[in-house]
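Worksheet: the structure to be examined is printed underneath.
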Amino acid sequence: MNPISYRHVRCFLEVARLSSVGQAAEALAISQPAVSKTLKELEDRLGALLFERVGRRLRLTTAGRLFQKHAGLSLAELERGVRALRTPGDMGGMLTVGVLPTVATRVLPEAALAFARAVPGVCLRASTGPNRFLLSQLREGSLDLVVGRLAAPDEMAGLVFEQLYSEAVVAVVRAGHPLLAAPGTPLADFPLILPPPDAIIRQVVEQHFLRGGLEVPRPQVETVSLALGRGLVQASDAVWFISEGVVAEEVAAGTLVALTQDGMAQAGPVGLTLRSGQEPSDALRQLMQAVREAC
């Protein structure tokens with residue numbers, strides 16, 4: 001069998017993370033044909049199909065998920081080795097966690113402070129992003145833990161989930177918004193801000209419109225970012241559909257107002273996700289317990 005190079009593994013992992021050849025090409029600063037050629041070479045050398053196309057996105061096959069786990073862990077270990085040579089004596093004191101924006105806003109600050117008191121010698125590196133992206137990074141070993149939503153069964157292959165709570169989706173507006181005085185006005189009369197298509201809660205929002213006999217409206221902006229969404233809503237008549245936890249403090253303070261939306265479904269369980277068979281370190285167990293208590 002022809003050897004598999006670092007180039008093959010890096011290219012495969014970027015496509016697996018982003019579910020897109022075009023976005024992977026941009027992240028790797030190479031052309032789309034180069035990415036496609038590299039993937040084809042890898043599949044030929046492995047003798048397995050790694051991706052299947054679903055609509056406009058790519059999805060890992062069963063073989064692809066299996067290869068992602070081993071390739072990702074191998075690359076993560078290689079990168080740790082490089083860092084160990086560059087910063088001797090500075091390894092082992094780091095935990096990496098991926099969190100949804102709602103978790104970053106409400107849960108992680110309290111959990112991070114409790115963790116720092118319990119394990120002062122370990123640095124916590126946290127990153128946010130779409131749930132699918134975080135789970136991909138976890139599966140390949142770039143993250144030690146994800147605090148996020150329970151994904152679809154096929155996306156949970158090789159992962160284990162512990163539910164902590166469920167959360168609603170809300171539609172929020174600025175104080176003094178016209179809808180507060182005339183709640184029956186169609187939402188389509190106002191600029192709408194929706195979660196991006198790859199966010200789990202986007203499906204919840206779309207189903208809400210469809211159940212009401214309406215077409216899914218075209219959003220003006222797509223985001224789950226608190227800073228961006230809050231700024232847009234406060235400066236306009238926009239209506240933002242977002243997880244309740246992201247805007248809980250703003251709603252409590254009265255700077256944003258949650259509209260009453262009959263029939264809006266829950267966004268689904270939020271909890272801790274680990275790799276299947278992963279044995280948490282003592283520090284990771286402390287972090288997980290801190291998250292549970294913060295929830």
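The values are calculated or read from the model by the stated rules, or taken from the named source; none is laboratory data. All figures in this text were calculated on a predicted structure; none of them were measured in a lab. Reconstructed Cβ throughout: ideal geometry from the backbone, glycine too, with neighbour counts over all protein chains shown. These accessible areas exclude ligands, DNA and RNA; they are computed on the full protein's heavy atoms, side chains included. Shrake-Rupley method; radii C 1.70, N 1.55, O 1.52, S 1.80 Å.
Are there any pairs, at least 6 apart or on different chains, whose C-beta atoms fall under 9 Å, with the first in the range 275-291 and in contact (Cβ under 8 Å) with a residue 60 or more places away in the chain and the second of a type in the set (A, V, I, L, M) and open to solvent by 80 Å² or more (accessible area, probe 1.4 Å), and if so, which? Hits for this filter: ALA290/LEU113. Listed by first and then second residue, the pairs with beta-carbon distance under 6 Å, at least 6 apart or on different chains, first residue in the range 58-78 and within 17 Å of THR96 (Cα to Cα) and part of a helix (DSSP H, G or I), second open to solvent by 20 Å² or more (accessible area, probe 1.4 Å) and modelled with pLDDT of 85 or more, are LEU75/VAL9. Residues in the range 134-181 that are at positive phi and surrounded by 18 or more Cβ atoms within 10 Å (Cβ to Cβ): GLY141 only. Using the structure shown, decide if GLN234 is touching a residue at least 60 places away in the same chain (Cβ under 8 Å) and open to solvent by 70 Å² or more (accessible area, probe 1.4 Å). Yes.
Within the group ARG53, ARG83, ARG45, which residue is part of a helix (DSSP H, G or I), open to solvent by 40 Å² or more (accessible area, probe 1.4 Å) and at pLDDT 85 or above? Before you say what the answer is, go through the steps one by one.
Details: ARG53 fails: part of a helix (DSSP H, G or I); ARG83 fails: at pLDDT 85 or above.
Result: ARG45 is the single residue among ARG53, ARG83, ARG45 that is part of a helix (DSSP H, G or I), open to solvent by 40 Å² or more (accessible area, probe 1.4 Å) and at pLDDT 85 or above.
Which of the residues spanning the range 218-244 are over 15 Å from LEU187 (Cβ atoms) and within 15 Å of the chain's Cα centre (by Cα)? Residues satisfying the conditions are GLU222, THR223, VAL224, SER225, LEU226, SER243. Hey, any hits in the range 260-267 for a residue that's among the hydrophobic types (A, V, I, L, M, F, W, C), touching a residue at least 40 places away in the same chain (Cβ under 8 Å) and either touching a Leu at 6+ places or on another chain (Cβ under 9 Å) or over 21 Å from PRO196 (Cα atoms) (or both)? No: zero hits.
Check ARG139, ARG125, ARG174, ARG132 and return the single one that is charged (D, E, K, R) and over 16 Å from the mean Cα position of the chain (by Cα). Walk me through it before giving the result.
Details: ARG139 fails: over 16 Å from the mean Cα position of the chain (by Cα); ARG125 fails: over 16 Å from the mean Cα position of the chain (by Cα); ARG132 fails: over 16 Å from the mean Cα position of the chain (by Cα).
Result: ARG174 is the single residue among ARG139, ARG125, ARG174, ARG132 that is charged (D, E, K, R) and over 16 Å from the mean Cα position of the chain (by Cα).
When the residues of the range 1-30 are filtered to those that are polar (S, T, N, Q) and either surrounded by 20 or more Cβ atoms within 10 Å (Cβ to Cβ) or part of a loop (DSSP other than H, G, I, E, B) (or both), which remaining residue is modelled with the lowest pLDDT? Result: ASN2. The residues in the range 88-114 that are in contact with a strand residue (DSSP E or B) (Cβ under 6 Å, 6 or more places away or on another chain) and in contact (Cβ under 8 Å) with a residue 40 or more places away in the chain can be counted, and the count is 11. Scan the range 122-133 for residues that are open to solvent by less than 40 Å² (accessible area, probe 1.4 Å) and more than 20 Å from ALA290 (Cα to Cα) and the total you get is 2.
Rundown of residues vs (1) closer than 27 Å to LEU259 by Cβ; (2) at pLDDT 90 or above, yes/no style:
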{"residue": "VAL99", "(1), (2)": "yes, yes"}
{"residue": "THR102", "(1), (2)": "yes, no"}
{"residue": "ALA118", "(1), (2)": "no, yes"}
{"residue": "LEU150", "(1), (2)": "yes, no"}
{"residue": "MET156", "(1), (2)": "no, no"}
{"residue": "ALA168", "(1), (2)": "yes, no"}
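Yes or no: ALA252 within 26 Å of TYR165 (Cα to Cα), open to solvent by 40 Å² or more (accessible area, probe 1.4 Å) and outside any helix (DSSP H, G or I)?
Values: within 26 Å of TYR165 (Cα to Cα): yes; open to solvent by 40 Å² or more (accessible area, probe 1.4 Å): yes; outside any helix (DSSP H, G or I): no.
So ALA252 fails the test.
Pick out the one residue from GLY229, GLY268 that is open to solvent by less than 20 Å² (accessible area, probe 1.4 Å), on the phi < 0 side of the Ramachandran plot and small (Gly, Ala, Ser).
Details: GLY268 fails: on the phi < 0 side of the Ramachandran plot.
Selected residue: GLY229, the only one of GLY229, GLY268 that is open to solvent by less than 20 Å² (accessible area, probe 1.4 Å), on the phi < 0 side of the Ramachandran plot and small (Gly, Ala, Ser).
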